[in-house]
Every structure is written in structure tokens, then in C-alpha cells.
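K.L.:
Got a structure here, written out as C-alpha cells. Questions coming.
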Amino acid sequence: MKRLVGLEAGLTHFENNRTVVADSILSDGNGLFKDQLNPSDFASRVIEIVKKEGDAGVRRISASLDKDELEFFEVTQEQLDSAVDQLDANSRSAFENAADRVSKFQSRGLPKSWTDGTGKFGEKVTPLRSVAAYVPGGTAPLASTVIMTVVPAKVAGVDEVIVATPAPGRSLPHPAVLAAARIAGADRVFKIGGAQAIAALAYGTESIPSVDLICGPGNAWVTAAKKLVYGDVGIDGLYGPTETLVIADESADPRFTAADLIAQAEHDVVAMPILIALSDEVADATERAVVEQLENLPRRDTARSAFENRGVIVVVSDEDEAAEVANAAAPEHLCILTTNPEELGEKIRSAGGLFIGEWSAEVMADYVAGPSHVMPTAGTARFSSALSVRDFVRVTPVLNFDSETFIKLSSDAELLAKLEGLHGHAAASEHRRRHLIGE
């Protein structure tokens, strides 16, 4: 891991290392295109193919990218039921417990329609009509992501929740993913992935419906496609590689600190494990623990590469500096393993999720705690939040004035309109006011 010393070094590092889509990656899509393209240009061409060719375009792209000859797109309800039946009792109980806890957590955050008590003004909360949850199909079957995306949408009252997940080289997506979709309450599941899935869900094809919003994480190609279709369809955010930042002092057990960093590093070679250490001794102990734990990790090569490629240790002198560096990083996950974690937590303003104390392990939120584990990455926690039930509703202001309220406010509205030079606006009030007062 790269080691930096001092506040300024830490701040400079994170100010210079924010990226969502790595446009240095190039691909021709296994011969789909004649030239090498970055994710944005690649996704743009894929989108145009899907818009023009529909189902045939999705099949052609999938055949080239994944060597997957898609005879069908949609997983049947019988296949979803079968996936649940294949679960052992403990696994099924774990899925159901996770879905229940996420549902209860999200229910607490569901916005409610309101009025001022007189019914003259307020807000109307309406769920979206349709949502697609994208679930990556990479090196790990992310069944938990199904729970974390579908359940909040169902709690919001979305009419139709669709799961899209690829299954390259398989007749169906991983059984655990399908079982999670059924338990979470997904209405339909499609065996499609990549930028072509985002395009199909944004614009629709003969077999795949368009939706109002696409949510969920994905690789650089998926993220680029989400960015390009935004405006024609809603999106939840643009996600880069996962990242965890741990603040630790001498009270922290280095085994816990190392384990929290490794838990995210094993996702991807470009995951970002970050340690803010309150002393060199803490940094040294954590590094030793990381080396020891990696020896027995099945995905040790992936995790080790993440530590080598993007791992960072910032050694600071006190908790104020630790908080300042953490806020500059604005990480997806921020874990506080210090003597007084609640006090330090009050100083954090930019984090996707905040995990206070040694027993609030971030892995709990990944699976069973209640919040969605889909959280902002690459510094976007400075202005965005974790996926939640609030992403799946629209909040519409409502006015229901009577004539008395109108008269009380009309003169000020007319004055402000004329100050802006918008006399048509003013007239829309004046005609009503003069009618009411008999002029």
C-alpha cells in the first residue's frame, strides 16, 4: 500500500484521484467494432445498435461480447420458483431475513404526502411506474445486490420491478441470484447484461420493456451506458470500483482493520482500500495483518492486486486531521475504529455509509443490516446518497388555493413578475384579482 504522511499529502491525493469511468480502457468488443473504443464511445455505439435493431441487436452484441447465443431473454416464473426450491433451509432463511430487514429499514425513510393542514398546499408522493435493477454478473454472483435494489423499489410501491443480470456461457443466471429475485419480489428477470442491457431497458425492444429508472452498479461499460441514457430514463448514480476507508487508532484490533479493508479489496483489482492511521504503529500493524489474512483468502490474488494498485495509507496526527482527509476522500464506506467512534463520526459529512465502532462492520450492511449496499463511489458521496426508497418515488408540489389565499399573495407575485420583465406572468394574476374584486 502506498503510504502518505500528513494532512496535506492526504488531501492532495484524494483531490487528484477521483474517477467514475476509466476512459483509458479500450475494447473492440471481440470484433463487434473495427476500432478500439473507450467505454463512452463503445456504449454510444451499442446504444445505437439496440435502438435500431431491437432484440436482434441485443443478441448480436451479446454473441460478440460474451459468446452467448441468447435464445430467450426472460427467465420464467417457474425457473425462479425452482431456484428458490434449490436453496437449503439456512440459505433461504438468510435471504428472507435480509429482505425483511432491508424492507423495514427502507420503510422508515419512505416520504409521505403532506398538506399544510388546510389543504391549500403540500406535496404528493407517487411511486415510479417501472424500475430496472442491474445486477452485475462478474466473478461473484451478487445475489445480495438483488435484495439491495429490488426491495427498496418494492417498498416505494413501484408497479413493476425488473432485474437484468447477465449469464455468459450459462443457460441461466446463477441460481442464488434468481432465488434472491423471487424472495425480494422482482416481477420479471431478464438474462441480459452489459451496455446492451442498459440500452434495451432505456429504450425498449420487442421483448424487453423500457423503464422509468435504471439502478444498480456495473462495470465501466455499464456505467458509461447509464450516463449516456440519462435524461431519456432516470438513473440512480454512476458507480466506479468499490472503496472502503477505515480510520483506526491504537485501540483498534489490527485484525478487524485489515479484514474490513480486505472485504472490499477482494471485489476487484481496482477496488480501493484506504487506511487513515493515527500513528505509524497502527499503519504497520495493519499492514502485517493484511499480509497474514491474504494468505488464506481464496480471492487473494484479486485483493493483493487491489492493495498494490490503489491501496493507500495516510498517517495523520489527530482525529481532526483524520476527519478532514476522510471528508476529502468522500468514500463509499467509512469505518471508524477508534476509542471514541461516535465523537469522530459527528465530524464526518461525506460518506456513502458510516460504520461506527468495531461491531458495525461494513459487511453487515453488505448483506443484512438494512441499508442498501449500493452507495456512491469515487468521491460522489460529496453530493449523493446511498440508494434508498427515496430514489423510487416522485415528489410533486401541489397548490389548492382558495380565493382568499390567492388575494393575499397575488400582489407580491405580480410585483416580482414585473421586476423580471415577465408581464404575461403578472397578467395571469391580475386578471384573476380584478375579477375577484370586481374591477
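K.L.:
How many residues, within the stretch 253-272, are under 19 Å from VAL325 (Cα atoms) and at pLDDT 95 or above?
P.N.:
3
K.L.:
Looking at the stretch 62-75, is at least one residue without any contact (Cβ under 8 Å) to a residue 40 or more places away in the chain and within 20 Å of VAL222 (Cβ to Cβ)? Spell out how you get there, then give the answer.
P.N.:
Looking only at the stretch 62-75, we keep the residues that are without any contact (Cβ under 8 Å) to a residue 40 or more places away in the chain, and these are 63-64, 69, 71.
Now restrict to residues that are within 20 Å of VAL222 (Cβ to Cβ): 63-64.
So far as the stretch 62-75 goes, yes, one or more of its residues are without any contact (Cβ under 8 Å) to a residue 40 or more places away in the chain and within 20 Å of VAL222 (Cβ to Cβ).
K.L.:
Quick one: GLY109 ticks every box in (1) touching a strand residue (DSSP E or B) at 6+ places or on another chain (Cβ under 8 Å); (2) surrounded by fewer than 17 Cβ atoms within 10 Å (Cβ to Cβ); (3) in contact (Cβ under 8 Å) with a residue 40 or more places away in the chain; (4) closer than 26 Å to LEU238 by Cβ except a single one, so which number is it?
P.N.:
Going through (1) touching a strand residue (DSSP E or B) at 6+ places or on another chain (Cβ under 8 Å); (2) surrounded by fewer than 17 Cβ atoms within 10 Å (Cβ to Cβ); (3) in contact (Cβ under 8 Å) with a residue 40 or more places away in the chain; (4) closer than 26 Å to LEU238 by Cβ one by one, GLY109 breaks only (1).
K.L.:
Can you name the residue in the stretch 34-61 that is within 14 Å of LYS191 (Cα to Cα) and in contact (Cβ under 8 Å) with a residue 60 or more places away in the chain and, of all such residues, is surrounded by the fewest Cβ atoms within 10 Å (Cβ to Cβ)?
P.N.:
That would be ASP55.
K.L.:
Specify the residue that is farthest from SER130 (Cα to Cα); the eligible residues are those in the stretch 224-282 that are surrounded by 23 or more Cβ atoms within 10 Å (Cβ to Cβ) and of a type in the set (Ser, Thr, Tyr).
P.N.:
THR257
K.L.:
I need the full set of residues from the stretch 344-361 which are over 15 Å from the mean Cα position of the chain (by Cα), among the hydrophobic types (A, V, I, L, M, F, W, C) and part of a loop (DSSP other than H, G, I, E, B), in order please.
P.N.:
ILE348, TRP359, ALA361
K.L.:
Please pick out the residue among ALA167, ALA156 that is surrounded by fewer than 24 Cβ atoms within 10 Å (Cβ to Cβ) and in contact with a Pro (Cβ under 6 Å, 6 or more places away or on another chain). So that I can check it myself, show each step before the final result.
P.N.:
On the way: ALA156 fails: surrounded by fewer than 24 Cβ atoms within 10 Å (Cβ to Cβ).
None of the other options fit; the residue is ALA167.
K.L.:
Is the stretch 295-305 home to any residue that is assigned to a helix (DSSP H, G or I), out of contact with any His (no Cβ under 7 Å at 6 or more places or on another chain) and touching a residue at least 40 places away in the same chain (Cβ under 8 Å)? Full working, then the answer.
P.N.:
Pass one, the stretch 295-305, residues assigned to a helix (DSSP H, G or I): 300-305.
If we keep only those that are out of contact with any His (no Cβ under 7 Å at 6 or more places or on another chain) too, we end up with 300-305.
Filter again for touching a residue at least 40 places away in the same chain (Cβ under 8 Å), leaving 302-303.
Yes, because at least one residue in the stretch 295-305 is assigned to a helix (DSSP H, G or I), out of contact with any His (no Cβ under 7 Å at 6 or more places or on another chain) and touching a residue at least 40 places away in the same chain (Cβ under 8 Å).
K.L.:
Scan the stretch 303-322 for residues that are farther than 20 Å from THR338 by Cβ and buried (at least 19 other Cβ atoms within 10 Å of the Cβ) and jot them down.
P.N.:
Initial filter on the stretch 303-322 (farther than 20 Å from THR338 by Cβ): 303-311.
Those that are farther than 20 Å from THR338 by Cβ and buried (at least 19 other Cβ atoms within 10 Å of the Cβ): ALA303, ARG304, ALA306, PHE307, ARG310, GLY311.
K.L.:
Something else about it: Scanning for something aliphatic (A, V, I, L, M), at pLDDT 95 or above and in contact with a helix residue (DSSP H, G or I) (Cβ under 6 Å, 6 or more places away or on another chain), does the stretch 382-395 turn up at least one residue?
P.N.:
Pass one, the stretch 382-395, residues aliphatic (A, V, I, L, M): 386-387, 389, 393, 395.
Narrowing further to those that are at pLDDT 95 or above: 386-387, 389, 393, 395.
Now narrow it down to the ones that are in contact with a helix residue (DSSP H, G or I) (Cβ under 6 Å, 6 or more places away or on another chain): 389, 393.
Yes - at least one qualifying residue is present in the stretch 382-395.
K.L.:
Only one residue in THR205, THR223, THR242 is under 30 Å from VAL50 (Cα atoms) and in contact with a His (Cβ under 9 Å, 6 or more places away or on another chain), so which one is that? Step through it out loud before you land on a result.
P.N.:
On the way: THR205 fails: in contact with a His (Cβ under 9 Å, 6 or more places away or on another chain); THR223 fails: in contact with a His (Cβ under 9 Å, 6 or more places away or on another chain).
It is THR242.
K.L.:
Next question. Looking only at strands (runs of 3 or more DSSP E) that lie completely in the stretch 168-274, which have at least 2 residues being touching a strand residue (DSSP E or B) at 6+ places or on another chain (Cβ under 8 Å) and over 22 Å from ARG59 (Cβ atoms)?
P.N.:
Working: elements: 188-190, 213-215, 243-248.
The strands (runs of 3 or more DSSP E) meeting that bar are 213-215, 243-248.
K.L.:
Sort through ALA248, ALA289, ALA283 and tell me the only one that's assigned by TED's automatic domain parsing to the domain that holds SER360, under 29 Å from the mean Cα position of the chain (by Cα) and hydrophobic (A, V, I, L, M, F, W, C).
P.N.:
Among ALA248, ALA289, ALA283, only ALA248 is assigned by TED's automatic domain parsing to the domain that holds SER360, under 29 Å from the mean Cα position of the chain (by Cα) and hydrophobic (A, V, I, L, M, F, W, C).
K.L.:
Could you tell me which numbered condition ASP212 fails, if it satisfies all but one of (1) touching a residue at least 60 places away in the same chain (Cβ under 8 Å); (2) within 17 Å of GLY137 (Cβ to Cβ)?
P.N.:
Looking at each condition in turn, ASP212 falls short on (2).
K.L.:
Taking the conditions exactly as written (modelled with pLDDT under 95 and closer than 24 Å to GLY237 by Cβ), does GLU332 satisfy them or not?
P.N.:
Values: modelled with pLDDT under 95: no; closer than 24 Å to GLY237 by Cβ: yes.
No, not satisfied.
K.L.:
Specify the residue that is surrounded by the fewest Cβ atoms within 10 Å (Cβ to Cβ); the eligible residues are those in the stretch 124-141 that are of a type in the set (A, V, I, L, M, F, W, C) and either modelled with pLDDT of 95 or more or in contact with a Cys (Cβ under 8 Å, 6 or more places away or on another chain) (or both). Outline the logic, then answer.
P.N.:
Going through the stretch 124-141, the residues of a type in the set (A, V, I, L, M, F, W, C) turn out to be 125, 128, 131-133, 135, 140.
Right, trim to either modelled with pLDDT of 95 or more or in contact with a Cys (Cβ under 8 Å, 6 or more places away or on another chain) (or both) and you get 125, 128, 131-133, 135.
Working: VAL125: 16, LEU128: 20, VAL131: 31, ALA132: 29, ALA133: 31, VAL135: 28.
Among those residues, the one meeting the criterion is VAL125.
K.L.:
Also: Looking only at the stretch 342-361, which residues are surrounded by fewer than 24 Cβ atoms within 10 Å (Cβ to Cβ) and touching a Ser or Thr at 6+ places or on another chain (Cβ under 8 Å)?
P.N.:
Result: LEU344, single match.
The values are calculated or read from the model by the stated rules, or taken from the named source; none is laboratory data. This is a predicted model, so every value here is computed, not measured. Here the Cβ is made from the backbone with ideal geometry for all residues, glycine too, and neighbour counts use every protein chain on show.
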